[in-house]
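Notes follow the structure.
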Amino acid sequence: MSGCLDGIECQRPEWCELGERRNAMASVAAGILFFGGWWVAIDAAAKYPSENDLIHAYHVCGVVSTIAFFMINAVSAGQVRGDSYNTGCIGQTGARIWLFVGFLLAFAGLIAASWILFGPYVVNKVFKDPYPGVAIFLQNFLIFLSGLVFKFGRTEELWE
C-alpha cells in the first residue's frame, strides 16, 4: 500500500515560493503571533483589573509559555541531530533534553490555560464574563503557535 500517491505531483503556485525570504517571513509571522498573544492577555488584565473577574495568578501560564518559547528555539536542529554540537558537558543528549523540557512546558501552559478557560469560566461559571478565560487561553495558544512557526518555519540551510 505504500507509494500509492507517489505518482501524484502538486505544483506549488509561484507566489507561494519564499526562497531566501523564508526565514524572514517565519520570524515575522512568529513575532506577530507572540505579540498578539500578549496583547490579548494585557487587554484582559486592563479591562478586568479586579480579582473578582480575573485572578492575577492565571498569568503564570503565559509566563510559562514564554519561557517554553525561548527554550524550544534556543537549540537548533543541528544540535539536536548532533551535527553541530558535540562538546560540552552532555552534548547532543543535553540539547534533546532541553528541547523536550521546552515542549513539555509549552504543552503544560496550553493545558493549564484550557483548564482555566473551561473550569471557572465555562463549566462552573464562577465568573460572569468568560472573556478573561478566553483571553488567557488565546494568549497561550498564540504563543504556542508562534513557537512552532519560529522553530519549524525557518530553515538552517540559509544560515550557512
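For segment 15-61, which positions are part of a loop (DSSP other than H, G, I, E, B) and either among the aromatic types (F, W, Y) or under 16 Å from the mean Cα position of the chain (by Cα) (or both)? Working first, answer last.
In the first step, residues of segment 15-61 are kept if they are part of a loop (DSSP other than H, G, I, E, B); the result is 17-18, 48-55.
Of everything in segment 15-61, just one residue is part of a loop (DSSP other than H, G, I, E, B) and either among the aromatic types (F, W, Y) or under 16 Å from the mean Cα position of the chain (by Cα) (or both), namely Y48.
Would you confirm, using the coordinates I've provided, whether Q79 is in contact with a Leu (Cβ under 9 Å, 6 or more places away or on another chain), of a type outside the set (G, A, S), assigned to a helix (DSSP H, G or I) and within 29 Å of T155 (Cβ to Cβ)? Full working, then the answer.
Numbers: in contact with a Leu (Cβ under 9 Å, 6 or more places away or on another chain): yes; of a type outside the set (G, A, S): yes; assigned to a helix (DSSP H, G or I): yes; within 29 Å of T155 (Cβ to Cβ): yes.
When the stated conditions are applied, Q79 passes them.
Name the one entry in A95, A113 that is farther than 20 Å from Y58 by Cα, out of contact with any strand residue (DSSP E or B) (no Cβ under 8 Å at 6 or more places or on another chain) and buried (at least 17 other Cβ atoms within 10 Å of the Cβ).
Working: A113 fails: farther than 20 Å from Y58 by Cα.
Result: A95 is the single residue among A95, A113 that is farther than 20 Å from Y58 by Cα, out of contact with any strand residue (DSSP E or B) (no Cβ under 8 Å at 6 or more places or on another chain) and buried (at least 17 other Cβ atoms within 10 Å of the Cβ).
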Unmet requirement for A106, which otherwise passes all of (1) touching a Phe, Trp or Tyr at 6+ places or on another chain (Cβ under 6 Å); (2) not in a helix (DSSP H, G or I): (2)
Answer from G133, G147 - the residue that is in contact with a Phe, Trp or Tyr (Cβ under 7 Å, 6 or more places away or on another chain), part of a helix (DSSP H, G or I) and under 19 Å from F34 (Cβ atoms): G147
Residues being surrounded by fewer than 19 Cβ atoms within 10 Å (Cβ to Cβ) and of a type in the set (A, V, I, L, M) - total across segment 65-74: 2
All positions within segment 122-160 that are under 8 Å from the mean Cα position of the chain (by Cα) and β-branched (V, I, T): I143, V149
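Okay, residues lined up against (1) at pLDDT below 90; (2) touching a Cys at 6+ places or on another chain (Cβ under 9 Å); (3) over 27 Å from N23 (Cα atoms):
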{"site": "A44", "(1), (2), (3)": "no, no, yes"}
{"site": "G62", "(1), (2), (3)": "no, no, no"}
{"site": "N124", "(1), (2), (3)": "yes, no, yes"}
{"site": "F127", "(1), (2), (3)": "yes, no, yes"}
{"site": "F141", "(1), (2), (3)": "no, no, no"}
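The values are calculated or read from the model by the stated rules, or taken from the named source; none is laboratory data. Note that the structure is a prediction, hence the values are computed from the model and not measured. Virtual Cβ from ideal backbone geometry, glycine too; neighbours counted across all protein chains shown.
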